[in-house]
Amino acid sequence: MNNGKAVVLVVEDSAIIRMGAIDLVISARYEALAVRDADEAIRILEARDDIDLVFTDVEMPGTMDGIKLAHYIRDRWPPVKLIVASGKAILEESSLPEGSRFFPKPYSDHAITDAMARLLSGESRLPAAWRG
């Protein structure tokens, strides 16, 4: 946590969606960082030790998609919480690393902020109604 605020890294290639996600993170009173692809996300994670949660899209340019990024983060930085969203791919949470949450786009801002709060507070499971 940075200055008592959780730090959320948004990984989204669409500038408009990225800006909306940043606004969502800030409105939830977290610190927001944003990048456009997995390669940039990994550079940020390697450079900083204060990232608490990564909120990533599935489909994006670069060397890996959001699913591969989520697995890479879980393997390399196990404490980092993960939220994955996609407008095209409907995923089973079983295809993501344990503890990750998936939300189809368009997602409910309230569902995302609730998931962030629960993940960051250490609650391991979300109520079924809040799982995307």
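What the table shows:
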{"item": "Test: ARG29 is surrounded by fewer than 18 Cβ atoms within 10 Å (Cβ to Cβ), part of a loop (DSSP other than H, G, I, E, B) and in contact with a strand residue (DSSP E or B) (Cβ under 9 Å, 6 or more places away or on another chain)", "result": "yes"}
{"item": "Residue pairs meeting the criteria (Cβ under 8 Å; at least 6 apart or on separate chains; first outside any strand (DSSP E or B), in the range 71-90; second of a type in the set (Gly, Ala, Ser) and at pLDDT below 95)", "result": "ARG74/GLY99; ARG74/SER100"}
{"item": "Some residue of the range 51-65 being out of contact with any Lys or Arg (no Cβ under 8 Å at 6 or more places or on another chain), assigned to a helix (DSSP H, G or I) and not polar (S, T, N, Q)", "result": "no"}
{"item": "Check on PRO97, part of a loop (DSSP other than H, G, I, E, B) and either open to solvent by 40 Å² or more (accessible area, probe 1.4 Å) or of a type in the set (Ser, Thr, Tyr) (or both)", "result": "no"}
{"item": "Flag for LEU24 being over 18 Å from SER121 (Cβ atoms), open to solvent by less than 20 Å² (accessible area, probe 1.4 Å) and not in a loop (DSSP other than H, G, I, E, B)", "result": "no"}
{"item": "Matching residues, the range 86-115, being in contact with a strand residue (DSSP E or B) (Cβ under 6 Å, 6 or more places away or on another chain) and at pLDDT 95 or above", "result": "ALA115"}
{"item": "Check on GLY132, crowded, with 18+ Cβ neighbours inside 10 Å, modelled with pLDDT under 95 and either more than 19 Å from SER14 (Cβ to Cβ) or not hydroxyl-bearing (Ser, Thr, Tyr) (or both)", "result": "yes"}
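The values are calculated or read from the model by the stated rules, or taken from the named source; none is laboratory data. Keep in mind that this is a model prediction, so the values were computed, not measured. Note: ideal-geometry Cβ built from the backbone for every residue, glycine included; neighbour counts use all protein chains shown. Quick note on the areas: whole protein, heavy atoms, side chains included, nothing else; ligands and nucleic acids left out. Shrake-Rupley method; radii C 1.70, N 1.55, O 1.52, S 1.80 Å.
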